[in-house]
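Here is the structure we will look at, set down as structure tokens.
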Amino acid sequence: MYPLKTQQPSTPPPTLSEVRPVQLLHVFPTFAVGGVQVRIADVARRLGTRYAHTLIALDGRHEALDRVDPNNPWTLLPADGLTGVKRLPAIRRALARSEADILCTYNFGAMDWALANRLGPRWPHLHFESGFGPEEAVRPLRRRSLYRRLALAGVDALVVPSHGLLEIARRHRWAPSGRLRHLVNGVDLAHYTPAAPVPPLPAMAATVPTVVAVAPLRAEKRLDRLIALFARAAADTDARLVICGMGPCEADLRAQAAASGLGDRIAFAGQVADVRAALTGNSIFALTSVTEQMPNALLQAMAMARPVVAFDAGDVARILPQTAPAQAFGQEDAGGFEAALSRLLKDGELRARLGAANRARAETAYDMTAMVAAYDRLYRNALERPSP
């Protein structure tokens, strides 16, 4: 369905004409399902055939291709021998053979490609930083910041989704200050609606409130503390917890759930193709990560008018409306999180009121239509910028 494309030698970037699409070369550390992968696929779908897309997934995973437009399929290129600083000559040769008009690199895992592009041949280049793994949850690693500064010195734009990441990029001088771009994520308000006609997941309960987490099962998502806090907050209720996602911590989380005393009310739903099936009328969206920037799942829950209980990370507190009672708590405020969760489990009117405030906030600030238009301008500006 997504055939590998044989690379052919070509000349430097051609002058664009109005009769052919703009060619984007996307280099991802992985194209497994995740926030940035889904976002870029959704943007590409909405921009249509004005753009053509070629993908290199450095780990060979491409599951998020299920989100791309089948009428505008992406071309895959193999990543063999194209990772690591020692491979810079090979990466430079691959870029020289590329037919792309713009190079798009994503997160630190693709930074070797950013450096190779700086060394030449020089293509219009956009780099997207969307967040950190557990090794940088507390602060950016100095050696990585220095490498970013080196590799991104000639970037056309360094794009970040959150105010927090923008400040980090400025403070650590990841790119020249005039090249930093803050582009907030958006949510499809027509797709994610309070009354979306989607059958609920089998694990969802029709008559009792259900706490829902949507996240890869990785250490930095701290789903272990969600299980512990749910077990305390829900001990005297019939509430349920449904965890949607897959990842390396699944076995440990299942063992913890089984030992919690509420194991029969904690379900692991795996990877959910349509998150709306988990965000039913009785859902309370929970977010317990120690590192986030601008989580897509949070925006989706807000668009569906669901109440939230979250630990603040990245822009989470800034994204949520300023409600009373609060929906976001400091990382050390487990007591506040637990108390808020307990209130929401017992008060249907409060769930409805906070959910309505979240929907209104999503409509005001996070419409995907505006995000897609911003990406279109970003690509066009990269093409029009003179090469350094």
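The numbers here are math on the coordinates, done by the rules we state, and not lab data. Given the structure is predicted, the values throughout are model-derived calculations rather than measurements. Methodologically, a virtual Cβ is constructed for each residue, glycine included, from the backbone with ideal geometry; neighbour enumeration extends over all protein chains shown.
Miscellaneous remarks
- With the simple spin-label model, which puts each label point 7 Å out from Cα in the Cβ direction, the ASN71 to ALA96 separation comes to 4.0 nm.
- Helix 250-259 vs. the chain, principal-axis angle (Cα, 0 to 90°, nearest 10): 10
- Spin-label pair THR207-ALA352: with each label point 7 Å from Cα along the Cα-Cβ axis, the two points sit 1.9 nm from one another.
- One chain, two ends: VAL38 and LEU150. Fully extended at 0.36 nm per residue, the span grows by 37.5 nm beyond their Cα-Cα distance.
- In order along region 271-276, the Karplus-derived 3J(HN,Hα) couplings, from 6.51 cos²θ - 1.76 cosθ + 1.60 at θ = phi - 60°, round to 6, 9, 5, 10, 5, 4 Hz, and Gly and Pro are given as x.
- With the convex hull drawn over the C-alpha atoms of region 105-260, the volume per residue is 166 Å³.
- In this simple spin-label model, placing a label point 7 Å from the Cα along the Cα-to-Cβ direction at both ASP264 and ALA334 gives a separation of 2.7 nm.
- Taking only alpha carbon atoms, the chain gives an Rg to Rh ratio of 0.99, where Rh is the Kirkwood radius.
- Rounded to whole numbers, the Karplus 3J(HN,Hα) couplings from phi for region 233-238 are 5, 9, 4, 10, 10, 9 Hz, using 6.51 cos²θ - 1.76 cosθ + 1.60 with θ = phi - 60°, and x at Gly and Pro.
- 5 angstrom amide H check on ALA267, placed H, neighbours 5+ away: LEU241, VAL242, ILE243
- For region 30-100 versus region 152-196, the gap between their alpha-carbon centres in whole angstrom: 19
- Taking every DSSP helix (H) stretch of at least 4 residues in the chain, weighting each as -39,500 (n - 2.57) and dividing the sum by the residue count yields a mean residue ellipticity at 222 nm of -10500 deg cm²/dmol.
- Between ALA235 and LEU141, the C-beta separation translates, for a Förster distance of 51 Å, into a calculated FRET efficiency of about 0.80.
- Proximity of backbone amide H atoms, modeled 1.01 Å from N, is registered between TYR51 and VAL22 at under 5 Å, excluding neighbours fewer than 5 places apart on the same chain.
- R0 of 51 Å, Cβ-Cβ distance ALA219-ASN381: FRET efficiency to nearest 0.05: 0.85
- Mean shadow area of region 27-85, taken as a quarter of the surface of its Cα convex hull (nm²): 4.0
- Size descriptor for region 210-365, Kirkwood hydrodynamic radius: 15.2 Å (Cα pairs only, one decimal).
- Between 0 and 90°, nearest 10: helix 35-47 axis offset from the chain longest Cα axis: 60
- Summing charges over all other residues whose Cβ lies under 14 Å from the Cβ of ALA195, with Lys and Arg as +1 and Asp and Glu as -1, gives +3.
- Euclidean distance between Cα centres, region 340-388 to region 244-312, Å: 19
- GNM flexibility winner over the chain from SER98, SER342, SER177 (Cα, springs under 10 Å): SER177
- The Cβ shell under 11 Å around SER260 holds other residues with a net charge of +1, Lys and Arg each +1, Asp and Glu each -1.
- Relative contact order (%) - the chain, alpha-carbon pairs under 8 angstrom, separation at least six: 15
- Note on LEU119/ARG61: beta-carbon distance plugged into 1/(1 + (r/R0)^6) with R0 of 30 Å gives a FRET efficiency of 0.65.
- Proximal charge balance of GLN300 [Cβ under 12 Å; K/R count +1, D/E count -1]: +1
- Per-residue 3J(HN,Hα) values for region 345-361, derived from phi via the Karplus relation 6.51 cos²θ - 1.76 cosθ + 1.60 with θ = phi - 60°, read 5, 9, 10, x, 5, 5, 4, 5, 5, 5, x, 5, 5, 5, 4, 4, 5 Hz in sequence order (x marks Gly and Pro).
- Amide H partners (placed H, <5 Å) of PHE329, local residues excluded: ALA310, PHE311, ASP312
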